[in-house]
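Asker: Pasting a structure below so you can have a look.
The values are calculated or read from the model by the stated rules, or taken from the named source; none is laboratory data. Since we're looking at a predicted model, the values are computed, not measured. With ideal geometry, Cβ positions are generated from the backbone for all residues, glycine too; neighbour counts draw on all protein chains shown. Quick note on the areas: whole protein, heavy atoms, side chains included, nothing else; ligands and nucleic acids left out. Shrake-Rupley method; radii C 1.70, N 1.55, O 1.52, S 1.80 Å.
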Amino acid sequence: MTKKIIIPYFPVGLKLFSPVLFFAGLYVLAIGHPLWGVVLILLTAIILTTRYVTAIDLEKKVYDDYLSMLGIPFSKETKKFNALDRIVITKANFAQHVQSRIQSHDMNWSDYTATLVFDDGGTLDLVTRNDKKELLLGVKDFAGFLKVGVEDHSTSHHYWVDFSQVTKD
């Protein structure tokens, strides 16, 4: 039994813009510049097919973590594990000071990461989201597949997540 988490590499805005690149590539091909046309069409294919992939095989007790581009895995990391312990949710806070000639302001944001803990301390980051509820909904099926609990460390009071309370609303 294998389960995969597949996360797009490029942002949604760029994916929505990619058909423009595709048709621009077709136009450039039609007017007699085949090299640039092929480059634009290939760029479109790369934007639409590049993903982060994490695949966990419970029968072989191994996981693969890699970047997939055009269906070809790159930077593939394969590791074995003996036992899965739990999934831990953590929170990271970020701040950035942005200054321009007209004004300056601070940007503050947080993100939440679900990390699989295995073999007494080994870790694998599964998914990161800016919205905690969205992260929990994404981890819910994966926790059921792996048969592990989810522990929330994003607050000062750690607790086990009750997925009967997590709904899409």
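Asker: Determine the gain in length on full extension of the stretch residue 31-residue 49; use 0.36 nm per residue of separation and subtract their C-alpha separation, reporting nm with one decimal. Numbers along the way, then the final one.
Answerer: Numbers: separation 18, 0.36 × 18 = 6.48 nm, distance 2.71 nm.
Computed gain between residue 31 and residue 49 is 3.8 nm.
Asker: Using only the Cα atoms of segment 2-80, construct the convex hull and provide its projected area averaged over every direction, in square nanometres to one decimal.
Answerer: Over all viewing directions, segment 2-80 projects a mean Cα-hull area of 5.8 nm².
Asker: Which helices of the chain meet both criteria: a Cα extent of 24 Å or more along the helical axis and a mean Kyte-Doolittle score no lower than 1.0, with helices taken as whole DSSP H segments?
Answerer: 12-30
Asker: Using R₀ = 35 Å, calculate the FRET efficiency as 1/(1 + (r/R₀)^6) where r is the Cβ-Cβ separation of residue 106 and residue 23; round to 0.05.
Answerer: Numbers: r = 40 Å, r/R0 = 1.15.
My answer for the efficiency is 0.30.
Asker: Please work out whether segment 76-123 counts as rounded, prolate or oblate from its C-alpha gyration tensor, where a ≥ b ≥ c are the square roots of the eigenvalues and a/c under 1.5 means rounded, while otherwise a/b larger than b/c means prolate and anything else oblate?
Answerer: Prolate, because a/c is 1.5 or more and a/b exceeds b/c.
Asker: Taking only Cα atoms of the chain, what ratio of Rg to Rh do you get with Rh as the Kirkwood inverse-distance radius?
Answerer: Checking Rg against Rh, the ratio lands at 1.09.
Asker: Which FRET efficiency value, to the nearest 0.05, do you get for residue 59 and residue 14 by plugging their Cβ-Cβ distance into 1/(1 + (r/R0)^6) with R0 = 41 Å?
Answerer: Working: r = 37 Å, r/R0 = 0.90.
Working from the Cβ atoms, E equals 0.65.
Asker: Turning to a different aspect of this structure: Taking the Cβ of residue 84 as the center, what net charge do the other residues with Cβ under 10 Å away carry, scoring Lys and Arg +1 and Asp and Glu -1?
Answerer: Spelling it out: positives minus negatives among the neighbours equals +1.
Asker: How long are the semi-axes of the equivalent ellipsoid of segment 84-165, taking √(5λ) for every eigenvalue λ of the Cα gyration tensor, in whole Å from largest down? Don't skip to the answer; put the middle values down first.
Answerer: Working: eigenvalues 194, 34, 24 Å².
Taking √(5λ) for each eigenvalue gives 31, 13, 11 Å, largest first.
Asker: Please report the relative contact order for the chain, taking Cα pairs under 8 Å with a sequence separation of at least 6, and give it as a percent rounded to a whole number.
Answerer: Normalised by residue count, the contact order of the chain is 16 percent.
Asker: Per residue of the chain, what 222 nm ellipticity follows from adding -39500 (n - 2.57) for every DSSP H run with n ≥ 4, rounded to the nearest 500? Please list the in-between numbers first.
Answerer: Working: 3 runs with 50 residues, N = 169.
Rounded to the nearest 500, it is -10000 deg cm²/dmol.
Asker: Taking residue 132 as the anchor, which lysines have their alpha carbon closer than 17 Å to its alpha carbon, excluding any fewer than eight residues away along the same chain?
Answerer: Of all the lysines, those that pass the test against residue 132 - Cα under 17 Å, at least 8 places apart if same chain - are 91, 140, 168.
Asker: Before I look further, what does the chain give for accessible area per residue, probe 1.4 Å, in whole square angstrom?
Answerer: For the chain, the per-residue accessible area is 65 Å².
Asker: Okay, next question. Probe 1.4 Å, all protein chains in place: accessible area of residue 126 in Å², nearest 10?
Answerer: Around 10 Å² of this residue is reachable by solvent.
Asker: Which residues does the label zone of residue 6 cover in segment 49-70, counting backbone N under 19 Å from a point 7 Å along Cα→Cβ?
Answerer: 49-58, 63-70
Asker: Under a plain spin-label model, where a point goes 7 Å from the Cα along Cα-to-Cβ, how far apart in nm are residue 78 and residue 38?
Answerer: The two pseudo-label positions are separated by 3.2 nm.
Asker: Which of the aspartates and glutamates could be linked to residue 61 by a straight reach, that is with a Cα gap under 18 Å, when you skip same-chain ones fewer than 8 residues away?
Answerer: Candidates past the 8-residue exclusion: 77, 85, 119, 120, 125.
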